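For reference, the structure discussed in these notes is given below.
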Amino acid sequence: MDRSDHEPEREPARPADPGTVVTVSLISHTNAGKTTLARTLLRRDVGEQGDQPHVTDVSEAYTLVECAGAELRLWDTPGFGDSARLIKRLRQRATPLAWFLHQVWDRFRDRPLYCSQQAVRNVQTEADVVLYLVNANDDPRLVGYVDSEMEILQWIGKPVIVLLNQTGVARAHEIERAERERWRSHLAGYPGVREVISLDAFARCWVQEAELLELIGGQLADSLKPAFERLLAAWQERNLRTFRKSMGVLGRKLVESARDGEPAPEETLLNRVGLARTVVDAELQAVRQRLAARLAERTAAATSQLIALHGLEGRSARRMAQISRDHFGMPRKIDEGVWAAVGGATAGMTGGLMADLASGGLTFGGGALVAGLAGGSGGYILAKGYNLARGSDRQVRWSLGHFREQVQLGLLTYLAVAHFGRGRGHWQEGEEPLFWRSEVKRAIDSRLADIDGIWKRAGRREVGEDELVSQIENLLAAIAGRVLRELYPQAGKIGF
């Protein structure tokens, strides 16, 4: 694993010039998921998590990005506690914050007020920008603590960006837009709130973090902006490097699959007359199983590499049976259409038949299969010429249609990994949103000629593997970039 791609240092560095440190404080009501989101943003485990209030009771700083003497520092703070009681007390004071910060609250007997005090102190003394996390599923009109905590943040006077957490799986634009507008409308009366965006700790895409960083930069004092521009460029370079490495991982897997083959069993497929259909079924089923087993191993290994590249833990648990059944539809029998075409030939005549058994995803040497019906015998003849167009390599390999499906699965797997937040825990495979599939298919369809060309070149042994990997890596990067731009328009600002 390349630590530099995704894993910041444990302790924040301390540049000599304070003007090069940009600080954001992550704050919310208790148990809203601050530490979970911090782990996702940092790509590593920090703090403590638990399904109970005030798991975090002290503020902790971590380096999010660092370069050329500049640092973007993220503070994970204790959650606000009994906000209703707190705001009532504050409103009774002429100088509410000064009074509140000078009180001595017992850390154990009055934990809600103690944690609230630590959060307020951190925002007042450290933050350039406040990231306020809320549960997107809550109705802001019915959650009393939101207004109380907004009032406290208004007294402090720091710019606030509201993050909608716990949104669930990735959703279509119109759903997220309506959700943001609901929160924006409610928070319109607080001028300190500069923007509301969706950023789920479990299912955000790293591209969405670019929108967050851009918003943070827009709220900074002029003296901090040069340093922040360097930090933003470093963040972008790091993530684009991970993106390109991911496309390389998928590209190599696809080339290996396109070149993978099994020798056609000559005794059963080439030389027998009156061959029983069940024998052909058995032979091809055995070939499919061996090819599928190797495909499953490559898919699992590539997915595990993607997981590591994105600062996650765990490995792919996808089984060969799932790949075969769910994604590639591996039948137990040869396509009926093949036998119908063969059986329809008149006695003594032969006809060319493309041997791309689409439902099984196999092709015989990428060429034509000559078939005929032995006069009156009812037997099938599978004669010479498995690859009549380019010679007889006598290899059974994945078909072009099957290769296209592998490209689609690879890109969907990338999206799943890129959206999986570390705060969610170890990698788990799940069902991707339907609109991802339509976007990926649309992007793939626009480049079918290029995909088909790579599959054809993969069948020519004189073409080097590294050359093919480079070509398909560039192609995958272009296709994935288009998908990310469709899902997240801001992706166009970071090199896609």
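For beta carbons closer than 9 Å, sequence separation of 6+ or different chains, a first residue in region 458-481 that is under 9 Å from Gly251 (Cα atoms) and a second that is aromatic (Phe, Trp, Tyr), the qualifying pairs are Leu476/Tyr414. Being crowded, with 21+ Cβ neighbours inside 10 Å, among the small types (Gly, Ala, Ser), within 26 Å of the chain's Cα centre (by Cα) and closer than 22 Å to Gly492 by Cβ: is that true of Ala210 here? For Ala210, the condition - crowded, with 21+ Cβ neighbours inside 10 Å, among the small types (Gly, Ala, Ser), within 26 Å of the chain's Cα centre (by Cα) and closer than 22 Å to Gly492 by Cβ - is not met. In this structure, is Arg442 outside the structural domain of Ile197 (by TED's automatic domain parsing), modelled with pLDDT under 95 and out of contact with any Ser or Thr (no Cβ under 8 Å at 6 or more places or on another chain)? Here the answer is no, as Arg442 does not meet what is asked.
Is there a residue being part of a loop (DSSP other than H, G, I, E, B), more than 16 Å from Trp155 (Cβ to Cβ), among the polar types (S, T, N, Q) and modelled with pLDDT of 75 or more anywhere in region 106-122? No - not one qualifying residue is present in region 106-122. With respect to being in contact with a Gly (Cβ under 8 Å, 6 or more places away or on another chain) and closer than 19 Å to Gln305 by Cβ, Gln428 fits the description. Filtered by the rule that a residue be more than 19 Å from Phe100 (Cβ to Cβ) and free of Cβ contacts under 8 Å to residues at least 60 places away in the same chain, region 144-172 gives Ile161, Val162, Leu164, Thr167, Gly168. Annotation: of all residues in region 397-444 being of a type in the set (D, E, K, R) and free of Cβ contacts under 8 Å to residues at least 60 places away in the same chain, the one that is surrounded by the most Cβ atoms within 10 Å (Cβ to Cβ) is Glu439. As a summary of the residue check, Gly274 satisfies the conditions (1) at pLDDT below 75; (2) on the phi < 0 side of the Ramachandran plot except for the one numbered (2). Scanning region 425-437 for residues that are out of contact with any Lys or Arg (no Cβ under 9 Å at 6 or more places or on another chain) and either assigned by TED's automatic domain parsing to the domain that holds Asp45 or assigned to a helix (DSSP H, G or I) (or both) turns up Leu434, Trp436, Arg437. Of all residues in region 80-100, exactly one satisfies the criterion of being part of a helix (DSSP H, G or I) and hydroxyl-bearing (Ser, Thr, Tyr), namely Ser83. When Phe420 is tested against (1) over 23 Å from Ala258 (Cα atoms); (2) in contact with a Pro (Cβ under 9 Å, 6 or more places away or on another chain), just one condition goes unmet, and that condition is (2). Go through Arg485, Arg447 for me and flag whichever is without any contact (Cβ under 8 Å) to a residue 24 or more places away in the chain and buried (at least 16 other Cβ atoms within 10 Å of the Cβ). The conditions single out Arg485. Regarding Val255, is this residue outside the structural domain of Asp147 (by TED's automatic domain parsing), of a type in the set (Val, Ile, Thr) and surrounded by 21 or more Cβ atoms within 10 Å (Cβ to Cβ)? Here the answer is yes, as Val255 does meet what is asked.
Of everything listed in (1) more than 30 Å from Thr95 (Cβ to Cβ); (2) surrounded by 19 or more Cβ atoms within 10 Å (Cβ to Cβ); (3) in the same structural domain as Asp128 (by TED's automatic domain parsing), the single unmet condition for Ile152 is (1). Residues in region 131-146 that are part of a helix (DSSP H, G or I) and surrounded by 18 or more Cβ atoms within 10 Å (Cβ to Cβ): Tyr145, Val146.
The values are calculated or read from the model by the stated rules, or taken from the named source; none is laboratory data. Given the structure is predicted, the values throughout are model-derived calculations rather than measurements. Counting neighbours? That spans all protein chains shown, and the Cβs are built from the backbone with ideal geometry, glycine included.
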